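A.B. asks: Attaching a single structure in structure tokens format; questions to follow.
The values are calculated or read from the model by the stated rules, or taken from the named source; none is laboratory data. Predicted, not measured: the structure shown is a model, and the values here were computed from it. Please note: Cβ atoms are built from the backbone with ideal geometry, for glycine as well, and neighbour counts cover all protein chains shown. Each accessible area value is taken on the protein alone, full model and side chains, heavy atoms only, with ligands, DNA and RNA left out. Shrake-Rupley method; radii C 1.70, N 1.55, O 1.52, S 1.80 Å.
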Amino acid sequence: MSPVTIVIAVVGLVVIAIVAYLVLFRGKDNALVPTEEREKELPAREKPKEKAPAERAEKKPEAKPVKSEPPPAAPSPPPPTVEKRDKKPEVAVDVVVEDAGAKQAAPSPAKVAKKDVAGLRKGLAATRGGWIARLTALFSGKKEIDPAILEQMEEVMLSSDVGVKTTQALLERLREQLGKNELKDSDAVWAALRSEATKILSIGGGGIRMARKKPTVVLMVGVNGVGKTTSIGKLATRFKNDGKAVLLAAGDTFRAAAVQQLEVWGKRVGAEVVKGKEGSDPGAVAFDATTKSKDGAEILLIDTAGRLHTKAPLMDEIKKVKKSVTKALEDAPHETLLVLDATTGQNALAQAAMFKEAVELTGIILTKLDGTAKGGIVLGICDELKLPVRYIGIGERAEDLREFHAEEFVEALFGGPDDEAAAA
């Protein structure tokens, strides 16, 4: 063999040995130390190494969705979303149904009415303890009614300031029923008395009548000390709570304390007060306030100076104030309310007659009804003067100035012969 051939053979053997060695050595290394090599070579796979068992468990489910990706797995999510959207309206519908049911099943007015009667009855405790208690005493223990009891009723009613005319009218109707044998027992007489009282009182009331076009202008009149300014403040509180824009006019320019008192109420309820200088013309204040009320106010309450109803010049002054209001706004004032103190009894009836003659009254506010046993004056006012009672005052709080409703008032005042103990 030539030397060249020998060299080539040796080189070939060496190459084959090296290749075989490398193959065998790498195979053994991969079998013995697979993890270290892979960690160094593939750092991206190093992250889940801490939880290798969990990886395998997770990879199996992951592999399944990957295999199931060829079928349109993307459309499967939309159906659930559509179902969720369908469920949301169902919830909304349920809510609406619940609200509707609440509205339908809300005979809350009846419950409120009962509470109102109870509160009103408490406010009329003085009258119930006087006039009504005396009437109840006439009926107690009597199974049959004779005409003589009507004379006793007349005495009680006159002493309770029901008024002569109203008392006679009431008793005359009772006599007619008694003559027809319709009043056989005390319950029948009591029911007849309640019915007649309701008829007398049902000529209006129920609060201020709002004008069709804003603002509604209310002129408040009355003698000194009856509670005009306080009543205005309570009314302002009521209307503010109802969300109405209220404007106040301090028309009692002769008494600085009245202006200050109205300003206190204005700050308390958040209502602007239009005022003039002390001693200025009240008609001018009323005119300015009425003009200003056209800029967004919903109701204007005008205070006026207290005046003796027996003094003609003072009564003429109130006429001028009213004319000033009408000049500023056609058809105003929409309400002219006379404030009366219930504790003055028949004198309140005389005041109402004089004010009605001077100005066109539209209603009465009867204050301090909780402080008198002579609440029968309400019947006299409505019957003789045909003036509706708009509000009654039965306490010091703003909510104690309550709208007058005939049936509610009669229920609270008269109750029944067996109801006296509950009223006390």
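A.B. asks: In what sequence, highest mean first, do 207-219, 340-352 appear when ranked by Cβ atoms within 10 angstrom? Numbers along the way, then the final one.
C.D. replies: Working: 207-219: 18.9, 340-352: 20.8.
For the peptides 207-219, 340-352, the packing ranking is 340-352, 207-219.
A.B. asks: Dipole magnitude of region 178-249 about its Cα centre, charges +1 at Lys/Arg Cβ and -1 at Asp/Glu Cβ only, in debye to the nearest 20?
C.D. replies: 620 debye
A.B. asks: Output the pairs from Lys180/Lys386; Lys199/Lys267; Lys199/Lys356 with a Cα-Cα distance over 32 Å in this structure; if there are none, say none.
C.D. replies: Numbers: Lys180/Lys386 29 Å; Lys199/Lys267 41 Å; Lys199/Lys356 22 Å.
Among Lys180/Lys386; Lys199/Lys267; Lys199/Lys356, the Cα-Cα distance tops 32 Å for Lys199/Lys267.
A.B. asks: Any chance you could check the Cα centroid distance between region 233-273 and region 340-367 for me, in angstrom?
C.D. replies: So the two Cα centres are separated by 23 Å.
A.B. asks: Calculate what fraction, in whole %, of the accessible area of region 177-263 sits on carbon and sulfur atoms when a 1.4 Å probe is rolled over the protein chains. Display every interim value, and only then the final one.
C.D. replies: On the way: 1670 of 3730 Å².
Looking at region 177-263 in its full context, I get 45 percent from C and S.
A.B. asks: Exactly which GluC sites (Glu not before Pro) in region 246-308 are in a DSSP loop and have at most 10 other Cβ atoms within 10 Å? Show your work: numbers first, answer last.
C.D. replies: On the way: sites: Glu263, Glu272, Glu278, Glu298; in loops: Glu278, Glu298.
For GluC sites (Glu not before Pro) across region 246-308 that sit outside H, G, I, E and B with at most 10 neighbouring Cβ atoms in 10 Å, the list reads Glu278.
A.B. asks: What residues qualify as long-range amide H neighbours of Thr336, i.e. H under 5 Å apart, gap of 5 or more or another chain, H built at 1.01 Å from N?
C.D. replies: Leu219, Thr362, Gly363
A.B. asks: Still on this model: Find the accessible area per residue for region 163-225; the probe is 1.4 Å, ligands and nucleic acids are left out, and the unit is Å². Let's see the in-between values first.
C.D. replies: Working: 3170 Å² over 63 residues.
Here the per-residue accessible area is 50 Å².
A.B. asks: Sorted by average packing, counted as other Cβ atoms within 10 angstrom per residue and highest first, what order do 287-295, 12-20 take? Display every interim value, and only then the final one.
C.D. replies: Details: 287-295: 19.4, 12-20: 10.0.
Peptide ranking by packing, descending: 287-295, 12-20.
A.B. asks: Now a separate question. If I model a spin label as a point 7 Å beyond the Cα along the Cα-Cβ vector, how far apart are those points for Ile6 and Lys327 in nm?
C.D. replies: If labels sit at Ile6 and Lys327, their model points lie 14.9 nm apart.
A.B. asks: Next question, about the same structure. State the volume of the convex hull built on the alpha-carbon positions of region 293-395, expressed per residue in Å³ and rounded to an integer.
C.D. replies: Values: hull volume 10.8 nm³, N = 103.
That works out to 105 Å³ per residue.
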